[in-house]
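A quick write-up on the structure given underneath.
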């Protein structure tokens with residue numbers, strides 16, 4: 001296996017998803033070729049209905065493709081049996097949604113423990129991991145709260161902790177800041193940045209230019225296919241005067 | 001423009017009202033200046049009318065692909081947004097600098113959304129023609 005194959009954690013070739021048939025046929029994802037490197041943060045933008053959420057669901061195994069190849073960490077997902085596929089989905093991917101999707105009856109701690117328990121982990125290991133994540137995310141004192149007692153920003157941080165519970169290969173996020181105000185968005189961006197520095201791979205579908213601008217790579221999608229790719233290299237940060245346009 | 005060496009006289013023609021008119025064309029220096037103008041980014045004081053004029057002029061005279069111009073602008077604004085966003089992320093909560101940076105982030109976002117609208121519009125025009 002070459003070096004390039006070693007560092008590619010997610011790969012698609014000609015990935016397709018179609019709905020309906022004949023004249024009513026909708027090509028939601030229309031032949032996507034994608035390589036995501038380990039540790040990369042990839043943002044996908046595009047107008048509503050361009051197929052970006054469908055693509056995310058295919059990549060994360062929430063939906064089955066109509067055609068094409070989908071590889072994760074060297075395993076071909078589109079040809080995998082149902083059982084093996086379900087196991088991989090429980091352990092190899094984490095999801096973060098716009099509407100958080102926390103279980104209202106469970107505390108923050110229990111929500112974060114849930115994925116490890118569903119994957120067959122021991123309750124004590126699940127507890128330990130959840131406490132560690134909540135601590136790391138500045139939520140230790142909120143562990144016993146129900147989601148309804150948390151702010152939106154805190155709820156999304158709990159949801160991110162839950163996504164990381166099983167140390168997934170890739171975290172998929174669908175509009176993770178779509179329901180957040182400016183301050184909470186900043187918290188989420190800082191969190192993603194810390195996790196990115198620690199080597200976590202992210203695929204984020206978003207309308208939020210702030211996420212797009214801080215990703216390693218930005219893909220623009222239109223009518224089910226990628227139409228533009230932008231690599232944003234950092235390291236040019238100037239001082240405040242230059243940034244706010246007082247000079248330069 | 002002729003004095004500046006950006007255009008030169010190519011000949012004469014009769015316009016539709018029957019009167020004679022002079023015909024000019026861009027010199028290579030003129031071409032260069034137009035290309036430069038098309039790619040200029042006027043942030044932080046964006047001039048929407050001027051940008052729209054650039055797209056129309058580029059398409060009308062076949063000087064450049066309007067969608068390419070939009071992409072170039074978008075890349076440049078995203079690069080700036082990245083710098084400002086990174087600076088904002090490094091600020092403690094409720095700092096004065098953080099508040100200023102948030103203002104810049106919001107303005108850049110607004111400009112990026114306008115570029116998105118321009119791109120959708122010009123992509124549709126291209127599809128129709």
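Out of (1) at pLDDT 90 or above; (2) within 15 Å of the chain's Cα centre (by Cα); (3) at the interface with chain A (Cβ under 8 Å from one of its Cβ atoms), the odd one out for residue B:111 is which? Tallying (1) at pLDDT 90 or above; (2) within 15 Å of the chain's Cα centre (by Cα); (3) at the interface with chain A (Cβ under 8 Å from one of its Cβ atoms), residue B:111 fails exactly one: (3). Filter the range B:58-70 down to residues that are more than 11 Å from chain A (Cβ to nearest Cβ) and without any contact (Cβ under 8 Å) to a residue 12 or more places away in the chain and give me whichever is nearest to residue B:124 (Cα to Cα). Among them, the one singled out is B:65. Residue count for the range A:68-102, restricted to those that are free of Cβ contacts under 8 Å to residues at least 12 places away in the same chain, in contact with a helix residue (DSSP H, G or I) (Cβ under 9 Å, 6 or more places away or on another chain) and under 23 Å from residue A:174 (Cα atoms): 0. Check whether at least one residue in the range B:93-102 is outside any loop (DSSP other than H, G, I, E, B), exposed (fewer than 12 other Cβ atoms within 10 Å of the Cβ) and within 15 Å of the chain's Cα centre (by Cα), and report yes or no. Among the residues of the range B:93-102, not one is outside any loop (DSSP other than H, G, I, E, B), exposed (fewer than 12 other Cβ atoms within 10 Å of the Cβ) and within 15 Å of the chain's Cα centre (by Cα), which makes the answer no.
Conditions tested, residue by residue: (1) within 13 Å of chain B (Cβ to nearest Cβ); (2) out of contact with any helix residue (DSSP H, G or I) (no Cβ under 7 Å at 6 or more places or on another chain).
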position: A:186; (1), (2): yes, no
position: A:197; (1), (2): yes, yes
position: A:203; (1), (2): no, no
position: A:221; (1), (2): yes, no
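Count of the range B:71-92 residues, restricted to those that are more than 7 Å from chain A (Cβ to nearest Cβ) and either assigned to a helix (DSSP H, G or I) or surrounded by fewer than 16 Cβ atoms within 10 Å (Cβ to Cβ) (or both), is 8. Test residue B:32 against the criterion of being away from chain A (no Cβ under 11 Å), surrounded by 12 or more Cβ atoms within 10 Å (Cβ to Cβ) and assigned to a helix (DSSP H, G or I), and give yes or no. When the stated conditions are applied, residue B:32 passes them.
Do any residues in the range B:1-25 that are not assigned by TED's automatic domain parsing to the domain that holds residue B:62 have Cβ atoms under 9 Å from those of residues that are assigned to a loop (DSSP other than H, G, I, E, B) and at pLDDT 85 or above, where the two are at least six apart or on different chains, and which pairs are they? Hits for this filter: B:5/B:27; B:6/B:27; B:7/B:27; B:8/B:27. Would you mind stating whether residue A:142 is at pLDDT 95 or above, touching a helix residue (DSSP H, G or I) at 6+ places or on another chain (Cβ under 9 Å) and crowded, with 19+ Cβ neighbours inside 10 Å? Yes, satisfied. Would you confirm, using the coordinates I've provided, whether residue A:191 is in contact (Cβ under 8 Å) with a residue 12 or more places away in the chain, away from chain B (no Cβ under 13 Å) and out of contact with any strand residue (DSSP E or B) (no Cβ under 7 Å at 6 or more places or on another chain)? Criteria not met by residue A:191. Against the conditions (1) away from every other protein chain (no Cβ under 12 Å); (2) loosely packed, with under 15 Cβ neighbours inside 10 Å; (3) within 13 Å of the chain's Cα centre (by Cα), residue B:118 satisfies every one except (2).
Every residue, every condition in (1) surrounded by fewer than 19 Cβ atoms within 10 Å (Cβ to Cβ); (2) in a helix (DSSP H, G or I), yes or no:
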residue	(1), (2)
A:95	no, no
A:100	no, no
A:103	yes, no
A:128	yes, yes
A:133	no, yes
A:154	no, yes
A:157	no, yes
A:162	no, yes
A:166	no, no
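Of the residues making up the range A:29-67, those that are over 28 Å from residue A:194 (Cβ atoms) and touching a helix residue (DSSP H, G or I) at 6+ places or on another chain (Cβ under 7 Å) are A:29, A:32, A:47, A:63, A:65.
The values are calculated or read from the model by the stated rules, or taken from the named source; none is laboratory data. Computed from a predicted model, the values in this text were never measured in an experiment. In this analysis, Cβ positions are derived from the backbone assuming ideal geometry, glycine residues included, and neighbour counts consider all displayed protein chains.
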